[in-house]
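**Student:** Have a look at this one.
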Amino acid sequence: KWSCIDHSACELPFKLYQYTPADLAGNPLASCLLSTNMTHAGLREHITVNPRRACVFWFEVGQRCRQLPHAHLLPHWRGNGLNHIFIDHADAGIDAPTRKIWLGRAALAQGHATTERFVRGLDVSLGLHIKSAAKPGERLLTTPPWLRKWLLTFKGTHSHVSRVRAGLHHHEARRVVLATYPHPMQCMTSTKIERPFAAIGSKRLHPLHADCCNRMKYLYGKYHYDDLMNSSFALVMPGRQPASYRLAEVMARGCIPVFYGFEDAVLPYEELIDWSAFSLTAPLDVDFEGVLFPMLEAAVLDRPRMVRMQRALFEVYRKYFDTLTATAGGRPGVG
């Protein structure tokens, strides 16, 4: 039996060492190091500048890093990555083969967390915080799910197959707005038998009929994003990676998330958060009109359940996703 943590190096209080440029002088990994602000009041007490005192060694990976094969050259690398954690927010993330060959026993914290890449009990699936500093109005925050304008909403681009499928089920009469913007290549392709798909390099895209593309573009421009936040439920789908800014955005506005297309993805902070307490899930092959819409229409009438879900949602949002109020105790791996 073997472990990824050398507990003999861990004494209370818990201490974390963050790699610095000085540690990587002459090391190819210096170009990959992304400095993280560790001055948060809840984090400072856990940071040490003495690597001998550290339980965990923190390395945040910058965009387009190609130097991970040199991880073994890190000055505090021991036992094939023991007590190390690599943090990666990039869309591509760190895939399973790279991890197996070059990162050994190190833990991963990344937004592109899939079942193939994720090691339970060791890794962390990250969520993304809201980009904009704009806060939702008080009136929306105090509006219960059953009094909201829309039943289910989504507005975004075709960056995942789930979004392509969802965009085909827009139904305003049932208070459902699913506005998706197609990739230009999907609208320009022909549907010849020998090549029934569009392509960007090696990536294939499902072709769309010109009339379908025009309808999607019209619907995308018709609805304002902020207005769609006045919704009981919000469809949350993977984008370029499973983690998305949309999840934090809808939670901040009190919309109950409906995860769609997450069969192979690991939800953010899954081992810390009981997502079933305040969200719903739907498989990729769900019948929107026959199953999903009726399920949501019935759920929103259960007012006690909606109150519980929305209350739990706000609590989790403040602890893990709100940039201003998320505490170190609410951040995985610290405290």
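The values are calculated or read from the model by the stated rules, or taken from the named source; none is laboratory data. Quick caveat, the model's predicted, so the values are computed rather than measured. Here the Cβ is made from the backbone with ideal geometry for all residues, glycine too, and neighbour counts use every protein chain on show. Note: areas computed on protein heavy atoms with side chains; ligands, DNA, RNA excluded. Shrake-Rupley method; radii C 1.70, N 1.55, O 1.52, S 1.80 Å.
**Student:** Please give, to one decimal in nm, the separation of the simple spin-label points placed at residue 10 and residue 98, each 7 Å out from Cα toward the Cβ.
**Tutor:** Result: 2.6 nm between the two label points.
**Student:** Another question, if that's okay. Could you give the accessible area per residue of the chain, probe 1.4 Å, as a whole number in Å²?
**Tutor:** Heavy-atom accessible area per residue stands at 51 Å².
**Student:** For the chain, what is the calculated [θ] at 222 nm in deg cm²/dmol (nearest 500), taking -39500 (n - 2.57) for each run of four or more DSSP H residues and dividing by its residue count?
**Tutor:** Only helices count here, giving -5000 deg cm²/dmol.
**Student:** Using 7 Å Cα-to-Cβ label points, what is the residue 91/residue 245 separation (nm, one decimal)?
**Tutor:** Placing both labels 7 Å along Cα→Cβ, they lie 1.3 nm apart.
**Student:** Mind checking the full-extension length gain between residue 115 and residue 227? Use 0.36 nm per residue of separation minus the Cα-Cα distance, one decimal, nm.
**Tutor:** Here the answer is 36.9 nm.
**Student:** Run the numbers for residue 20 and residue 311: contour at 0.36 nm per residue of separation, minus the present Cα-Cα distance, in nm. It would help to have the intermediate numbers written out before the result.
**Tutor:** Details: separation 291, 0.36 × 291 = 104.76 nm, distance 4.04 nm.
Full extension from residue 20 to residue 311 adds 100.7 nm.
**Student:** Calculate what fraction, in whole %, of the accessible area of segment 212-254 sits on carbon and sulfur atoms when a 1.4 Å probe is rolled over the protein chains. Working shown, then result.
**Tutor:** On the way: 760 of 1550 Å².
Using a 1.4 Å probe with all protein chains present, segment 212-254 comes out at 49 percent carbon and sulfur.
**Student:** Near residue 32, within a Cβ-to-Cβ distance under 12 Å, what is the net charge of the other residues, with Lys and Arg +1 and Asp and Glu -1?
**Tutor:** Spelling it out: positives minus negatives among the neighbours equals 0.
**Student:** Kirkwood Rh and Cα-based Rg: tell me the resulting Rg over Rh for the chain, rounded to two decimals.
**Tutor:** 1.01
**Student:** List the cysteines of the chain that have no other Cys Cβ closer than 4.7 Å: which are they?
**Tutor:** 4, 212, 255, each lacking another Cys Cβ under 4.7 Å.
**Student:** A follow-up question, please. Separation of segment 72-141 and segment 229-278 by C-alpha centroid, Å?
**Tutor:** That distance is 18 Å.
**Student:** Run the quick spin-label model on residue 274 and residue 161: label points 7 Å from Cα toward the beta carbon, then report their separation in nm to one decimal.
**Tutor:** 3.4 nm
**Student:** Enumerate the amide H contacts of residue 18 below 5 Å, restricted to partners 5 or more residues apart or on another chain; note that Pro and chain-start residues carry no placed amide H.
**Tutor:** 48, 58
**Student:** Related question: Residues in segment 95-127, backbone N under 13 Å from the label point at residue 284 (7 Å along the Cα-to-beta-carbon vector): list them, ranges by number please.
**Tutor:** Within reach of a label on residue 284, which here means backbone N under 13 Å from a point 7 Å along Cα→Cβ, segment 95-127 contributes 115.
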